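Please read the structure below before turning to the comments.
The values are calculated or read from the model by the stated rules, or taken from the named source; none is laboratory data. Because the structure is a prediction, the values reported are computed rather than measured. Reconstructed Cβ throughout: ideal geometry from the backbone, glycine too, with neighbour counts over all protein chains shown. These accessible areas exclude ligands, DNA and RNA; they are computed on the full protein's heavy atoms, side chains included. Shrake-Rupley method; radii C 1.70, N 1.55, O 1.52, S 1.80 Å.
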Amino acid sequence: MSDEKGAHRSRFSVLESFRFYWLLPLASVIVWWVMLIALMTIWAASDYRIYPSEDAGSHVPYVSDIAASGVKPLFIACDAVQGTLFVLALMSERYLRHKGRLERNRYKAEKIMSTFAIIFATIGQIGLVLLSILDTYRHHRAHVICLGIFVVGIGIAAACSFCEFAMLRKKYYEVHWLRFSYILKLGWFIVAIGLAIAFVVLMGISNPDPGAIVEWTLAYWYGLFGIILMVDLLPASKRSQQREQKGGYIFGLDMTGSSRNLTNDAEVNCRSGTGSLSE
């Protein structure tokens, strides 16, 4: 029994001391963008062929048109890996806030938004994997439904994450990192909504090329959300390093005992560099 408890504590100590959670969203972005570049390269190498699933008169294929023709295993594998890393990144943020290595959630609504972001991101990523399996050439209707699940799921997850940071920003108004991430999320969300609306509108016109171009743009833009998640997780790495260098202290705060809820004004000022804690 003692060995089991020791192994359990050891696993959690590894999680608590790990400094590179920011690599999860970065790896997710790399896998996603490499996949998109590979698909475009395959299309160019084929002398810009017209794929069987393309509409008549099309000169620019959709992402799924290329993926459904000969490279389906690559598409499925990359989507599955990217989706797993993306969800793990959101789960890591929740964990790091719970452990106090990122600014803690003060209110229940913040925790609810964070949990909803994880849930809807998981739903969206499941939709992405399913659409890669149910390709647009053989299962067009199911493919479109799964695409809708992916877009709506990720959209709601991004909105929930934005709402969480809006609430965190009000409490930790001195923490510049939170304000920076909040602005990035707001900008990303506005552009993503605009691109999604344009994509839906352009799908209804006779010329399919503008819709395909917007889809490629939206696909690359989606990857930028992973970069924002990386920005969110970077402070945990710096604070962990500070803890090692100062013998268990993070920015002057004793973190060697039980986790503390870093929410009062003096502690916020200490983290942002505008003040210090008194004994």
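Got a sec to turn the phi values of segment 208-213 into Karplus ³J(HN,Hα) couplings, 6.51 cos²θ - 1.76 cosθ + 1.60 with θ = phi - 60°, whole Hz, x for Gly and Pro?
Result, rounded to whole Hz: x, 5, x, x, 5, 5.
When you count, for each residue, the other Cβ atoms within 10 Å and take the mean per peptide, how do 83-90, 39-46, 211-218, 99-106 rank with the highest first? Mind dumping the intermediate values first?
Numbers: 83-90: 22.6, 39-46: 14.2, 211-218: 18.6, 99-106: 20.6.
My ranking of the peptides, most packed first, is 83-90, 99-106, 211-218, 39-46.
Past the 29 Å Cα-Cα mark, which pairs from LYS72/LYS111; LYS108/LYS185; LYS99/LYS171? Intermediate results must be reported in sequence, preceding the final value.
Details: LYS72/LYS111 38 Å; LYS108/LYS185 21 Å; LYS99/LYS171 18 Å.
Over 29 Å apart, Cα to Cα: LYS72/LYS111.
Using all Cα-Cα distances in segment 158-200, what percent lands in each 5 angstrom bin from 0 up to the longest?
Calculated P(r), rounded to whole percents: 5, 25, 26, 18, 12, 7, 5, 2, 0.
Applying the Karplus parametrisation 6.51 cos²θ - 1.76 cosθ + 1.60 with θ = phi - 60° to the phi angles of segment 72-77, what ³J(HN,Hα) value in whole Hz is obtained for each residue in order, glycine and proline being reported as x?
4, x, 4, 4, 5, 4
Considering only protein heavy atoms, what is the solvent-accessible area of HIS176 at a probe of 1.4 Å, reported in Å² to the nearest 10?
100 Å²
Within a Cβ distance under 15 Å of SER28, other residues only, what is the Lys/Arg minus Asp/Glu net charge? Walk me through the intermediate numbers first.
Details: positive: none; negative: ASP79, GLU93, ASP232.
Summing Lys/Arg as +1 and Asp/Glu as -1 gives -3.
Tell me, what ³J(HN,Hα) does each residue in segment 43-59 have, in order and in whole Hz, if you take phi through Karplus 6.51 cos²θ - 1.76 cosθ + 1.60 with θ = phi - 60° and put x for Gly and Pro?
5, 5, 5, 8, 6, 6, 5, 9, 7, x, 8, 6, 6, 4, x, 7, 10
Semi-axes of the equivalent ellipsoid for segment 192-238, please: Cα gyration tensor eigenvalues, times 5, square-rooted, ordered largest first, whole Å.
Numbers: eigenvalues 211, 15, 3 Å².
Listed largest to smallest, the semi-axes of segment 192-238 are 33, 9, 4 Å.
State the percent of C-alpha pairs, over all pairs in segment 80-236, separated by a distance greater than 28 angstrom.
Working: 2984 of 12246 pairs.
That fraction is 24 percent.
Given Cα pairs under 8 Å that are at least 6 residues apart, what percent is the relative contact order of segment 24-129?
Contact order relative to length: 32 percent.
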